[in-house]
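Chemist: Sharing a structure, written as structure tokens. Questions coming.
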Amino acid sequence: MPQTSSISSAPVGAQVASSRRWWTLTTVALAQLMVVLDSTVVNIALPSAQTDLGFSNGERQWIVTAYSLAFGSLLLLGGRLSDLIGRKRTFIIGLIGFAGASALGGAASSFGMLVGARALQGAFGAMLAPTALAVLTTTFTIPKERARAFGVFGAIAGAGGAFGLLLGGFLTQDFDWRWNLYINVFIAIFAIVGAVLFVTSVERTGPRPKLDMPGTILVSGALFSLVYGFSNAETDGWGSALTWGFLTAAGVLLIAFVLWQRRATHPLLPLSIVLDRNRGAAFVSVLIAGAGMFGIFLFVTYYLQTSLHYTPIQTGLAFLPMIGLLITAAQLSTNIFVPRFGPKIMVPFGMTLAAIGMVYLTHLDLNSSYAADVLPPLMIVGFGMGSIMPASMQTATLGVDRQFAGVASAMVNTSQQVGGSIGTALLNTLAATAAADYIAGHLPPSATVAAEAAIRSYATAYWWGAGFFAFGAVLAALLFRRRGQGVSLSDSQAPASSSANEPVAVH
């Protein structure tokens, strides 16, 4: 049976395919959807929440930042806890905590209460997200089943943000902003039932490794400083001393963390996990995709709502074809293309498609139509992301000793979170600068000039997003090994030189 907390002594062939595994996938998918939704669904609720609770525009960013700071800084700790105390236990604790924090946020009567609830959501999300991926990694070990499972998981990771825009618009417009938080309670209830029934718990044998507290403090401080530094750059600009102070602290703490991991008896993150060439390429690919994808969700949303005057629900619906093609591409990629070509072909291919889609978006103006001008690039980017995410996620967690599956999975989430933070800060800053330059060159300012400045700022973000993806395509092509070359850290009981290291084997 699949396990969640220890290394199985049963060979892979003994793990007979059963419906139980697919119910486990459904449970994990629900948890992943809940975490991914919260990165976008709350954004649409912010204006209504601001009116209701009466906080300022300057304070508004903390509704998003509180979540991202707690989530980003605690991911590696959450992943390692799942390795130490058991994946099923950690998964259920994460679900209950996330649901409770969501209910608290939905019932918030003040700005401080809402920020606190969002920070708690982030903390429990940091337990939940890597544990969900680790459960998937240790449950699906048969290559063909693993491909299908990661296809579903990768599709949710890529499409969940867009689905959050649709759900957020529907809940805010037809119900109340608080339901953007309450909805998590209902999703969590189904996921908790599924976890109790279908996620298998196997008792650990032998001595339990200790938690690396110095490493935990160093990396949590580093990730907090990194996310906060980029968040501060978004609001205060790159000239802020606070921005560079936190980014410098992040660099110092990360160096200290690496040095400590080289000598720690029970390292939080064994360096062999990230130094393996294929896994390193996968982590970098997820980071770059997260940074580039930000341009789609944020700036296309702004464009549709402020330039074309779409309602929140119309904006969400506009992303549905992209979601559909992303899911289709994810299934085709994991079941047909990755087994045949491997990540060295599929990830650069997806990056290239996404870059083309972003360049396509740069031609949008105030007279563009959805069907002719917005839909085609969204579908191109959707197919690209569906080619990137499943292959990268499979490779990032393949070949890792199961006692470190949780922390390896956490690195995937950390890469995506850091990529999103970088994308947020860089693209927002570049877009704002482009808008200001346009207005300065077209005085006196007017409503028409402001509208054109916004279009110019979006195009700047799309060009840079295209640059991120193009850089990612070249880097992935160079870093990923050719098919048949091994990984350095074994999976299950296979030796380091085992051939069981392709992201998906052909059977």
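Chemist: Can we say ALA249 is of a type outside the set (Val, Ile, Thr) and in the same structural domain as VAL41 (by TED's automatic domain parsing)?
Modeler: no
Chemist: Right, another one. Pairs under 9 Å by beta carbon, first residue within 16 Å of PRO339 (Cα to Cα) in region 374-396, partner modelled with pLDDT of 85 or more and not in a helix (DSSP H, G or I), six or more apart or different chains?
Modeler: So the pair list comes out as ALA391/GLY342; THR395/GLY342; THR395/PHE480.
Chemist: Kindly indicate whether ALA434 is free of Cβ contacts under 8 Å to residues at least 40 places away in the same chain, assigned by TED's automatic domain parsing to the domain that holds LEU320, more than 26 Å from GLY237 (Cα to Cα) and more than 24 Å from the chain's Cα centre (by Cα).
Modeler: no
Okay, residues lined up against (1) in contact with a Phe, Trp or Tyr (Cβ under 6 Å, 6 or more places away or on another chain); (2) closer than 20 Å to GLN417 by Cα; (3) surrounded by 22 or more Cβ atoms within 10 Å (Cβ to Cβ):
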| position | (1), (2), (3) |
| --- | --- |
| LEU104 | no, no, no |
| MET113 | no, no, no |
| ALA117 | no, yes, yes |
| ALA132 | no, yes, yes |
| ALA147 | no, no, yes |
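Here is a yes/no grid of residues against (1) within 17 Å of the chain's Cα centre (by Cα); (2) closer than 21 Å to ASN184 by Cα; (3) not in a helix (DSSP H, G or I):
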| position | (1), (2), (3) |
| --- | --- |
| PRO47 | no, yes, no |
| ASP52 | no, yes, no |
| ARG60 | no, no, no |
| GLY72 | yes, yes, no |
| LEU76 | yes, no, no |
| ARG80 | no, no, no |
| THR90 | no, yes, no |
| GLY97 | no, yes, no |
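So that you can scan it fast, the table gives a plain yes or no per residue for (1) of a type in the set (Asp, Glu); (2) on the phi < 0 side of the Ramachandran plot; (3) in contact with a Leu (Cβ under 6 Å, 6 or more places away or on another chain); (4) assigned to a helix (DSSP H, G or I):
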{"residue": "ILE327", "(1), (2), (3), (4)": "no, yes, no, yes"}
{"residue": "GLN331", "(1), (2), (3), (4)": "no, yes, no, yes"}
{"residue": "ARG340", "(1), (2), (3), (4)": "no, yes, no, yes"}
{"residue": "HIS363", "(1), (2), (3), (4)": "no, yes, no, no"}
{"residue": "GLY384", "(1), (2), (3), (4)": "no, yes, yes, yes"}
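Chemist: May I ask you to say which residue of LEU197, LEU167 is closer than 21 Å to GLY94 by Cα and either assigned by TED's automatic domain parsing to the domain that holds ALA107 or among the aromatic types (Phe, Trp, Tyr) (or both)?
Modeler: After ruling out the rest, the residue left standing is LEU197.
Chemist: Can you tell me which residue among LEU75, LEU53, LEU84 is aliphatic (A, V, I, L, M), in contact with a Ser or Thr (Cβ under 6 Å, 6 or more places away or on another chain), in the same structural domain as THR137 (by TED's automatic domain parsing) and in contact (Cβ under 8 Å) with a residue 12 or more places away in the chain?
Modeler: Sole residue among the options that is aliphatic (A, V, I, L, M), in contact with a Ser or Thr (Cβ under 6 Å, 6 or more places away or on another chain), in the same structural domain as THR137 (by TED's automatic domain parsing) and in contact (Cβ under 8 Å) with a residue 12 or more places away in the chain: LEU75.
Chemist: Now for a different question. Being surrounded by 24 or more Cβ atoms within 10 Å (Cβ to Cβ), out of contact with any Phe, Trp or Tyr (no Cβ under 6 Å at 6 or more places or on another chain) and not hydroxyl-bearing (Ser, Thr, Tyr) narrows it down to one residue among GLY86, GLY72; which is it?
Modeler: From the options GLY86, GLY72, the qualifying one is GLY72.
Chemist: I would also like to ask the following. Listed residues GLY290, GLY206, GLY295; which is modelled with pLDDT under 85, out of contact with any Leu (no Cβ under 6 Å at 6 or more places or on another chain) and among the small types (Gly, Ala, Ser)?
Modeler: The conditions single out GLY206.
Chemist: In contact (Cβ under 8 Å) with a residue 40 or more places away in the chain, assigned to a loop (DSSP other than H, G, I, E, B) and under 29 Å from ALA132 (Cα atoms): which single residue out of VAL400, VAL407, VAL418, VAL412 fits that description?
Modeler: VAL400
The values are calculated or read from the model by the stated rules, or taken from the named source; none is laboratory data. Small disclaimer: the values here were computed from a predicted structure and weren't measured. We place every Cβ from the backbone using ideal geometry, glycine too, and count neighbours over all the protein chains shown.
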